[in-house]
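Below is one structure, written out as structure tokens; comments come after it.
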Amino acid sequence: MCPLPEPPANLLEVLRLKGLAIAAGVESIRTLDQEIVVQTPENSPIRQDIRMRLQRKNREMLKISPHQVRILRAKVKDKWIAVLSGVLDDMGD
């Protein structure tokens, strides 16, 4: 079987990330100049154990608060999809 062309492959990746975000209770994911910001609702903070796990695994790449995970684009470079996937997966635990 041949690989998908880039546009459909990108669409499938977006759908996969959206599914992970929904499962994790994420309110929004947005990009700023230097960061990708994963936001949870005001009434649903990221559990302390998940914040600690994310910090241990990704110390240099993330800024973490009770309602946000900020992925530092300069640190993750072209690995941002893998880092975002990992963050969403951990948040969904």
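The values are calculated or read from the model by the stated rules, or taken from the named source; none is laboratory data. It should be emphasised that the depicted structure is a prediction, and the values quoted were computed from it without experimental measurement. Glycine gets a Cβ as well: all are built from the backbone with ideal geometry, and neighbour counts include every protein chain shown. The area values use the complete protein model at the heavy-atom level, side chains included, leaving out ligands, DNA and RNA. Shrake-Rupley method; radii C 1.70, N 1.55, O 1.52, S 1.80 Å.
Hey, can you tell me all the residues within the stretch 46-64 that are within 16 Å of R30 (Cα to Cα) and either among the small types (G, A, S) or out of contact with any helix residue (DSSP H, G or I) (no Cβ under 9 Å at 6 or more places or on another chain) (or both)?
The one that is within 16 Å of R30 (Cα to Cα) and either among the small types (G, A, S) or out of contact with any helix residue (DSSP H, G or I) (no Cβ under 9 Å at 6 or more places or on another chain) (or both): K63.
Given the condition assigned to a helix (DSSP H, G or I) and open to solvent by less than 60 Å² (accessible area, probe 1.4 Å), answer yes or no: does some residue in the stretch 24-43 qualify?
Yes, the stretch 24-43 contains at least one residue that is assigned to a helix (DSSP H, G or I) and open to solvent by less than 60 Å² (accessible area, probe 1.4 Å).
Of the residues G19, G86, only one is in a helix (DSSP H, G or I) and touching a residue at least 12 places away in the same chain (Cβ under 8 Å); which?
Answer to the selection: G86.
Mind listing whichever residues of the stretch 34-49 are closer than 17 Å to V83 by Cβ and either within 13 Å of the chain's Cα centre (by Cα) or free of Cβ contacts under 8 Å to residues at least 12 places away in the same chain (or both)?
E35, I36, V37, V38, Q39, I46
Quickly run through the stretch 62-93 and pick out the residues that are open to solvent by 50 Å² or more (accessible area, probe 1.4 Å) and either within 26 Å of A9 (Cβ to Cβ) or hydrophobic (A, V, I, L, M, F, W, C) (or both). Steps first, answer last, please.
We begin by selecting, within the stretch 62-93, every residue open to solvent by 50 Å² or more (accessible area, probe 1.4 Å); these are 63, 66, 70, 73-75, 77-82, 89, 93.
The answer is R73, A74, K75, K77, D78, K79, W80, I81, A82, D89.
Going by the conditions given, is L15 over 12 Å from L88 (Cβ atoms) and among the aliphatic types (A, V, I, L, M)?
The answer is yes for L15.
For the list (1) over 11 Å from the mean Cα position of the chain (by Cα); (2) not in a helix (DSSP H, G or I), I need the number of the one condition that V14 fails.
All conditions are met except number (2).
Of (1) within 15 Å of A24 (Cβ to Cβ); (2) touching a residue at least 40 places away in the same chain (Cβ under 8 Å); (3) in a helix (DSSP H, G or I), I81 satisfies all except one. Which?
That leaves (1) as the condition not met.
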